[in-house]
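Taking it in order: structure first as structure tokens, then the write-up.
The values are calculated or read from the model by the stated rules, or taken from the named source; none is laboratory data. Everything numeric here is computed off the predicted structure, so don't read it as measured data. Using ideal geometry, Cβ is built from the backbone for each residue, glycine included, and neighbour counts are taken over all protein chains shown.
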Amino acid sequence: MSTETFSATAGRGNESLFARAQRVIPGGVNSPVRAFRAVGGTPRFIDRAQGAYMWDAEGRRYIDYIGSWGPMILGHGHPAVLEAVHRAADEGLSFGAPTEREVELAEAIIALVPTIEQIRLVSSGTEAGMSALRLARGATGRSKIIKFEGCYHGHADALLVKAGSGLATFGFPTSAGVPPEVVQHTLVLEYNNVEQIEEAFATHGPELACVMLEPIAGNMNFVRASVPFMRRLRELCTEHGALLVFDEVMTGFRVALGSAQSLYAQLIPGFRPDMTVFGKVIGGGMPLAAFGGTRAVMSQLAPLGPVYQAGTLSGNPVATACGLATLREISRPGFFEALSARTRSLVDGLAEAARAAGIAFSADCQGGMFGFFFGAELPQNYAAVMATDKERFNRFFHGMLQRGVYLAPALYEAGFVSAAHTAQDIEATVQAAREVFAGL
Ligand code: HOZ
């Protein structure tokens, strides 16, 4: 390979980079939603990011509301995080052996989320979800699982049925390459539908290993599980000996310091999931995820128990340094109050601008996560999300992008505000929205 391969500078525009990418990478991207297929147009190739901003290959600056799909809660290039990463990298990139830092990270997560007694670190949300599922099946000795339409738990076979996010973008109910036998034990129900869960437990209760859900779904935009639905899920799982598994890859340390489960625990006395899957914020922008739960369940994992799971880069020393520094920063007093207020001001500003333009619009947020819909009512499930105005969303997306506001390129994705977003950034975003709404 010549050095030219690495130093090619010709064609640095987004279009030419995309053309070049499509020759060597399927669809030109390493994760489907990035290809802009849902909204059309050319993806922006990002050169660098700082604070609340990203700059593309053509030198254009964007206010970033994706934040790497959630991890960048402090904004890009936070000095304390970068310092921790640089120091860790100097000490060694990977050892494949235990380190004190991974113990510290496990302790930090457990201190912040009391339902976790033990936790295992892995490298991606998909890996964490897949491992949690295997563990739930191994610990209960049962095969069937319940998931909900529009909830995405990574791309492991058994969970890749009627998921949101990229699958919704491309209109696939499930992926090719997943044999029917592999998903025969996966029951897919409607989110927030109490009747359906009652029925499923009445029919399959003794065979159910677990119910897995995003407590606030972030892969069909932003849809909260209702309190009656969550309360009934907990009761049914307890009654039938199934494990309640929270996928907090998106919501973990993002919607509250104690994650979404702390919010439900305030609303439902004694509420707790049996297992939780984390990713995104706990890695602060590096590949790191985790799954944890009660000691009884976690002790079924190898080397203690019969459920196998392993990973060369699990608990990577640079990723754990990044995650620890991030958790330290977000644990500072007042962090979530300030982040929540900023996110709320964005959502209220957008809603007000839409109202002024006479556009049917609804929006919601929690902590540093938000969602909005071109429809008057907040959707409660995937079908209702699908019924919102997609064409209007797409025109809004492009209008905002042209004005330097980078939103998720599909209406099935939640958005993220970071601590680096200023009141001026929010006002500039709302002003851009006013202009775009006026032309919709
Ligand atoms: N699964 C992510 C959306 N919910 C997309 C991740 C990415 O493209 O980086």
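Quick notes
Results for (1) buried (at least 19 other Cβ atoms within 10 Å of the Cβ); (2) among the hydrophobic types (A, V, I, L, M, F, W, C); (3) within 14 Å of the ligand (Cβ to nearest atom); (4) over 14 Å from Leu407 (Cα atoms), shown as yes or no for each residue.
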residue: Phe18; (1), (2), (3), (4): yes, yes, no, yes
residue: Arg23; (1), (2), (3), (4): no, no, no, yes
residue: Val29; (1), (2), (3), (4): no, yes, yes, yes
residue: Ala35; (1), (2), (3), (4): yes, yes, yes, no
residue: Asp47; (1), (2), (3), (4): no, no, no, yes
residue: Arg61; (1), (2), (3), (4): no, no, no, no
residue: Tyr65; (1), (2), (3), (4): yes, no, yes, no
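- In region 346-360, the count of residues that are touching a strand residue (DSSP E or B) at 6+ places or on another chain (Cβ under 7 Å), surrounded by 14 or more Cβ atoms within 10 Å (Cβ to Cβ) and among the acidic types (Asp, Glu) is zero.
- Selection count where residues are closer than 26 Å to Gly75 by Cβ and at pLDDT below 95, scope region 9-30: 1
- Count of region 259-271 residues, restricted to those that are more than 18 Å from Arg120 (Cα to Cα) and crowded, with 18+ Cβ neighbours inside 10 Å, is 5.
- Evaluation of His398 against the conditions (1) under 18 Å from Ala341 (Cβ atoms); (2) in a helix (DSSP H, G or I); (3) not hydrophobic (A, V, I, L, M, F, W, C) shows that the sole unmet condition is (1).
- Residue check for Ala97: out of contact with any Cys (no Cβ under 8 Å at 6 or more places or on another chain) and assigned to a helix (DSSP H, G or I): no
- Within region 431-440, being part of a helix (DSSP H, G or I) and in contact (Cβ under 8 Å) with a residue 12 or more places away in the chain holds for Ala432, Ala433, Arg434, Glu435, Val436, Phe437, Ala438.
- Criterion (surrounded by fewer than 19 Cβ atoms within 10 Å (Cβ to Cβ) and under 13 Å from Gly292 (Cα atoms)) met by exactly one of Ile110, Ile116: Ile110
- Count - residues of region 67-88 that are away from the ligand (no atom under 16 Å from the Cβ), touching a residue at least 24 places away in the same chain (Cβ under 8 Å) and not in a loop (DSSP other than H, G, I, E, B): 7
- Wholly within region 157-258, strands (runs of 3 or more DSSP E) carrying at least 1 residues that are at pLDDT below 95: 186-189
- Scanning region 270-281 for residues that are under 17 Å from Leu257 (Cα atoms) and touching a strand residue (DSSP E or B) at 6+ places or on another chain (Cβ under 6 Å) yields Pro273, Thr276, Val277, Phe278, Gly279.
- Meets criteria (more than 16 Å from the ligand (Cβ to nearest atom), of a type in the set (Val, Ile, Thr) and either touching a strand residue (DSSP E or B) at 6+ places or on another chain (Cβ under 6 Å) or over 24 Å from Ser31 (Cβ atoms) (or both)) for Val417: no
- Contacts under 6 angstrom Cβ, first residue in region 21-37 being in a helix (DSSP H, G or I), partner hydrophobic (A, V, I, L, M, F, W, C), 6 or more apart: Gly27/Ala35; Gly28/Phe18; Gly28/Ala21; Val33/Ala410; Ala35/Val29
- For region 235-255, a residue qualifies if it is surrounded by 21 or more Cβ atoms within 10 Å (Cβ to Cβ) and more than 16 Å from the ligand (Cβ to nearest atom), and the qualifying residues are Leu236, Cys237, Ala242, Leu243, Leu244, Val245, Phe246, Phe253.
- Check on Gly77, at pLDDT 95 or above and loosely packed, with under 14 Cβ neighbours inside 10 Å: no
- Selection within region 38-59: residues that are small (Gly, Ala, Ser) and without any contact (Cβ under 8 Å) to a residue 60 or more places away in the chain. The member of this set that is farthest from Arg20 (Cα to Cα) is Ala49.
- Pairing each residue of region 405-430 that is part of a loop (DSSP other than H, G, I, E, B) with any residue that is of a type in the set (Val, Ile, Thr) and more than 16 Å from the ligand (Cβ to nearest atom), provided the two are 6+ apart or on different chains, yields C-beta distances under 7 Å for Leu411/Thr388; Val417/Thr343.
- Answer residue from region 123-139, given it is in contact with a strand residue (DSSP E or B) (Cβ under 6 Å, 6 or more places away or on another chain) and among the small types (Gly, Ala, Ser) and is farthest from the ligand (Cβ to nearest atom) among those: Gly138
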